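*Asks:* My questions will all concern the structure given below.
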Amino acid sequence: MPARSRPVHWRGLTLIELLVALALLSVLALLSWRTLDGMTRAQQVTQEHANRWRGWQTALAQWDADLDALLDTEQVPPLDYDGRVLRLTRSDPDQGLGGGLRVIAWGLQPDPVSGTLRWARWASAPLQRTEALEQAWLQAEQWGRNPSVQDRQQQVLLTQVADWQLFYHRGGAWSNPQSAEGQNEAQDSAARASLPDGIRLLLTLPGTGNPTGQLVRDWLRLSQGGEGQ
């Protein structure tokens, strides 16, 4: 008679082996999640930094464009800085050659949500008449000191800053726009009314974020052989 084959006994996992396998899978899953989370956070930080730099580039490009388009109307000063707000008159690119102009103001304004100071730009509507120009000029000054609801609707909040300063380049040297040491009152008034050869913008950045410290931007009048640097 042929020999009987022995039955095959299948051995399953013991409870201990199953628990060990589950523990290993849990560790692998945790390590994978941490890796993915780290990559996501790094990507977010990189994107935030890129957005900040794009914000700075946009703001400074607009600053240069406003100064490059300075227009002396002989009705109000083409450029005026009172220590808080810089006001200027510029041609309106939306109106084409020979078109209207706008009054522009730059200064610091609080963010209505966070309360932090932001570098801000205010722009009037396109202007055609002297009365409207004079009114917009006064409105720009008011925006820098105590903006109304309408004033805030005409502003754009840009990058976050802690402080800002301006210096004018006249006579081969940088000086405070509001100081004219050694000049009498008439000479001081005439110096302030004339356009400087250049403007130095000094922005003090918040202690947190990227970038930090101080940012310097020099702009030179086109007639002086240069432009925003």
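*Asks:* Kindly indicate the residue of segment 168-182 that is open to solvent by 60 Å² or more (accessible area, probe 1.4 Å) and at negative phi and also modelled with the highest pLDDT among those meeting that condition.
*Replies:* Only one residue fits best here, namely 174.
*Asks:* Hey, could you check segment 114-132 for residues that are farther than 21 Å from residue 67 by Cα and in contact with a strand residue (DSSP E or B) (Cβ under 6 Å, 6 or more places away or on another chain) and say which is surrounded by the fewest Cβ atoms within 10 Å (Cβ to Cβ)?
*Replies:* 116
*Asks:* Do any residues in segment 103-129 that are touching a residue at least 60 places away in the same chain (Cβ under 8 Å) and part of a loop (DSSP other than H, G, I, E, B) have Cβ atoms under 9 Å from those of residues that are open to solvent by 60 Å² or more (accessible area, probe 1.4 Å) and not basic (Lys, Arg), where the two are at least six apart or on different chains, and which pairs are they?
*Replies:* 116/110; 116/160
*Asks:* Tell me, yes or no, whether segment 125-136 has at least one residue that is over 16 Å from the mean Cα position of the chain (by Cα) and β-branched (Val, Ile, Thr).
*Replies:* Yes, segment 125-136 contains a residue that is over 16 Å from the mean Cα position of the chain (by Cα) and β-branched (Val, Ile, Thr).
*Asks:* How about segment 59-74: which of its residues are among the polar types (S, T, N, Q) and modelled with pLDDT under 90? Steps first, please.
*Replies:* As a first pass, look at segment 59-74 and keep what is among the polar types (S, T, N, Q): 62, 73.
The answer is 73, and nothing else.
The values are calculated or read from the model by the stated rules, or taken from the named source; none is laboratory data. Treat the numbers as computed from the prediction; the structure is a model and nothing was measured. With ideal geometry, Cβ positions are generated from the backbone for all residues, glycine too; neighbour counts draw on all protein chains shown. Note: accessible area is taken over every heavy atom of the protein model, side chains too, but ligands, DNA and RNA are not part of it. Shrake-Rupley method; radii C 1.70, N 1.55, O 1.52, S 1.80 Å.
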